[in-house]
Amino acid sequence: MRIAVLDDDSDLLELIKAHLERHHHVCHVYASGASLLMDTRHETFDLLIVEWHLPDMEGIDVVHSVRQGIGPQLPILFVTSRHDERDVVEALNRGADDYMVKPLRMGELAARVAALLRRAYPEALGAAARQEFGPYRFDLQKRLLLLRGTPLNLKHREYELALFMFRNAGRLLSRAHLREVVWGEINEAPSRSLDTHVSRLRSKLELTPESGYTITSVYGMGYRLDLPGMQRGATAAG
């Protein structure tokens, strides 16, 4: 999963990053609240880890801004050396989903991150051998996608992209987020490969407004797979 970590302690940032990457997460680190908030305007993450005391603002204000701009669905883990009950209550009331007191224990951190992700993304982290979305059925063992019972001829990346988008249906996913998960590209220069694959999926999967299943392009951000009843017109383009 794609995680952003905000802390002004560079050594701790590197420790958290290394530990989470050992658990197969992609980790982006930030030393200021402003830099993280700026990136959330055009990037998407699966979870945030936020420190209370920052050089430019309070972490509690970062959490509040994220909730105002993105909404309640993004899980946020708050970390701080403040352990008074009133601080814990304030952080949770302002939008944090969980709270850890420093010094952090890396094993506990990984477990809390995993628990938050399981609750937030049950479809994306599902272990079932098959997953169905209306007429679409993914056979995870055979790595096949069937439409109304007929196997589709998808290339490897097309299958991975389709599976990831269906598992995250209704979520806006940034271009970098999709490239990291499907292609394993981190901090790569932009390319048209993603757009080409999305175009192929629209055709091969019959993702049309008439079917109710569509991939929406959101200008300056990325793509969102809309299922019947999920369509949202705001900020959409293409």
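The values are calculated or read from the model by the stated rules, or taken from the named source; none is laboratory data. Computed from a predicted structure; not experimentally measured. Glycine also receives a Cβ, built like all others from the backbone with ideal geometry; neighbour counts cover every protein chain displayed.
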Residue ID - modelled with the highest pLDDT, chosen from residues in the range 216-228 that are farther than 19 Å from Glu43 by Cβ and surrounded by 14 or more Cβ atoms within 10 Å (Cβ to Cβ): Asp226
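One line per residue, one yes/no per condition, for (1) surrounded by fewer than 16 Cβ atoms within 10 Å (Cβ to Cβ); (2) under 23 Å from Tyr223 (Cα atoms); (3) at pLDDT below 95:
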residue	(1), (2), (3)
Leu37	no, yes, no
His53	yes, no, yes
Val63	no, no, no
Glu108	yes, no, no
Look at the range 194-215 and say how many of its residues are over 17 Å from Leu152 (Cα atoms), charged (D, E, K, R) and within 23 Å of the chain's Cα centre (by Cα). 1
Return the only residue of Thr208, Thr150 being among the β-branched types (Val, Ile, Thr) and either over 20 Å from Ala129 (Cα atoms) or in contact (Cβ under 8 Å) with a residue 24 or more places away in the chain (or both). Thr208
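Confirm whether Gln131 is closer than 30 Å to Arg200 by Cβ and more than 17 Å from the chain's Cα centre (by Cα). Spell out the reasoning first.
Working: closer than 30 Å to Arg200 by Cβ: yes; more than 17 Å from the chain's Cα centre (by Cα): yes.
Judged against the criteria, Gln131 is a match.
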Looking at (1) modelled with pLDDT of 95 or more; (2) touching an Asp or Glu at 6+ places or on another chain (Cβ under 9 Å), which one does Leu173 not meet, given that it meets all the others? (2)
For Ala127, indicate whether it is part of a loop (DSSP other than H, G, I, E, B) and either modelled with pLDDT of 95 or more or out of contact with any Ser or Thr (no Cβ under 8 Å at 6 or more places or on another chain) (or both). yes
Options Ile16, Ile49: the member that is crowded, with 20+ Cβ neighbours inside 10 Å, in contact with a strand residue (DSSP E or B) (Cβ under 6 Å, 6 or more places away or on another chain), of a type in the set (A, V, I, L, M) and part of a helix (DSSP H, G or I): Ile16
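Mind checking which residues of the range 52-86 are of a type in the set (Asp, Glu) and assigned to a helix (DSSP H, G or I)?
Quick first cut of the range 52-86, residues of a type in the set (Asp, Glu) only: 56, 58, 61, 84-85.
Passing the criteria: Asp61, Glu85.
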Number of positions in the range 130-139 that are modelled with pLDDT of 90 or more and either in contact with a helix residue (DSSP H, G or I) (Cβ under 9 Å, 6 or more places away or on another chain) or not in a loop (DSSP other than H, G, I, E, B) (or both): 6
Condition set without any contact (Cβ under 8 Å) to a residue 40 or more places away in the chain and of a type in the set (Asp, Glu), scope the range 154-188, selection surrounded by the most Cβ atoms within 10 Å (Cβ to Cβ): answer is Glu160
